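First the structure, in the form of structure tokens, and then the observations on it.
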Amino acid sequence: MITSALPTSRAQSAKDDRSGALDESITAWALAARGGDAHAVDQFVRALQRDVQRYVAHLCADPQAVDDLAQDTFLRALGSLHRFEGRSSARAWLLSIARRAVIDSYRYAAARPRLSDVPDWQLAIELSQPCDLPGFDDGIALLDLIAALPDERREAFILTQLVGLPYAEAAEVGDCPIGTVRSRVARARASLMDLLEEAAEPVAPAA
């Protein structure tokens, strides 16, 4: 059922623990990469490549641009590693760079005529999902519901529930107070539950 795709508090707690341990490793790799460790650079990029792709796919309206934006994000990050001091997790730091890369791409696109419409961000996320995992169909259905959320709630939900950032770091990425993130996620959950209930209601037979 689709409802199983929505994390419970216990599952979320376990997920946060795993995410915290992984973030520590990723931050350590970023710090080592800053010192010129080529293996650490590779580990850092591999660990966060999927998160960056999913996040920029959510933010931008052009799935064809996702790979270019992800590459731009990593080029910016690797060029700025000497300034990374580990005060926040490397993942939050990198996603903040991804956000700026998308914003800059919007500014650049605004100065150019749009040639044609392209499919929305959801297609890029769907194409990045592993189709052989259990619950794949439910995951796609959930993405359909997430797409119906207001932009700010959708971003907060994706950062915390799909990408796995702690609320404090999601607030850093989104440049807003942590209380705002909590409120947006709570409202997103409520909206999703309402949408799930509507989807589950039987269709009344025609008179």
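Working only within region 178-192, note down all residues that are farther than 18 Å from A168 by Cβ and modelled with pLDDT of 90 or more.
Step one: of region 178-192, the residues farther than 18 Å from A168 by Cβ are 187, 189-192.
Listed by number, the list holds a single entry, R187.
Among the residues of region 176-200, which ones are of a type in the set (D, E, K, R) and touching a residue at least 24 places away in the same chain (Cβ under 8 Å)? Walk me through how you get there before you give the answer.
Kept after step one, since they are of a type in the set (D, E, K, R), are these residues of region 176-200: 182, 184, 187, 189, 194, 197-198.
Listed by number, the residues that qualify are R184, R187, R189.
Among the residues of region 97-114, are any at pLDDT 75 or above, over 28 Å from Q71 (Cα atoms) and of a type in the set (A, V, I, L, M, F, W, C)? First the steps, then the outcome.
We begin by selecting, within region 97-114, every residue at pLDDT 75 or above; these are 97-105.
If we keep only those that are over 28 Å from Q71 (Cα atoms) too, we end up with none.
There is no residue in region 97-114 that is at pLDDT 75 or above, over 28 Å from Q71 (Cα atoms) and of a type in the set (A, V, I, L, M, F, W, C).
Could you check how many residues of region 29-42 are part of a helix (DSSP H, G or I) and open to solvent by 50 Å² or more (accessible area, probe 1.4 Å)?
6
When the residues of region 10-28 are filtered to those that are open to solvent by 60 Å² or more (accessible area, probe 1.4 Å) and acidic (D, E), which remaining residue is modelled with the highest pLDDT?
Only one residue tops the list, namely E24.
So which residues in region 65-78 are closer than 14 Å to Y106 by Cα and of a type outside the set (D, E)?
A65, V66, L69, listed by residue number.
Can you tell me which residues in region 136-153 are within 15 Å of the chain's Cα centre (by Cα), modelled with pLDDT under 85, part of a helix (DSSP H, G or I) and crowded, with 18+ Cβ neighbours inside 10 Å?
Within region 136-153, G139, L142, L143, I146 meet the criteria.
Condition test on D37, is it farther than 23 Å from T160 by Cβ, under 16 Å from the mean Cα position of the chain (by Cα), at pLDDT 85 or above and not small (G, A, S)? It would help to see each step written out before you state the result.
Numbers: farther than 23 Å from T160 by Cβ: yes; under 16 Å from the mean Cα position of the chain (by Cα): no; at pLDDT 85 or above: yes; not small (G, A, S): yes.
So D37 does not fit the description; no.
The values are calculated or read from the model by the stated rules, or taken from the named source; none is laboratory data. From a predicted model like this one, the values you see are computed outputs, not experimental measurements. All Cβ positions, even for glycine, are placed from backbone atoms using ideal geometry, and neighbour counts span all protein chains on display. SASA here: full protein model, heavy atoms, side chains in, ligands and nucleic acids out. Shrake-Rupley method; radii C 1.70, N 1.55, O 1.52, S 1.80 Å.
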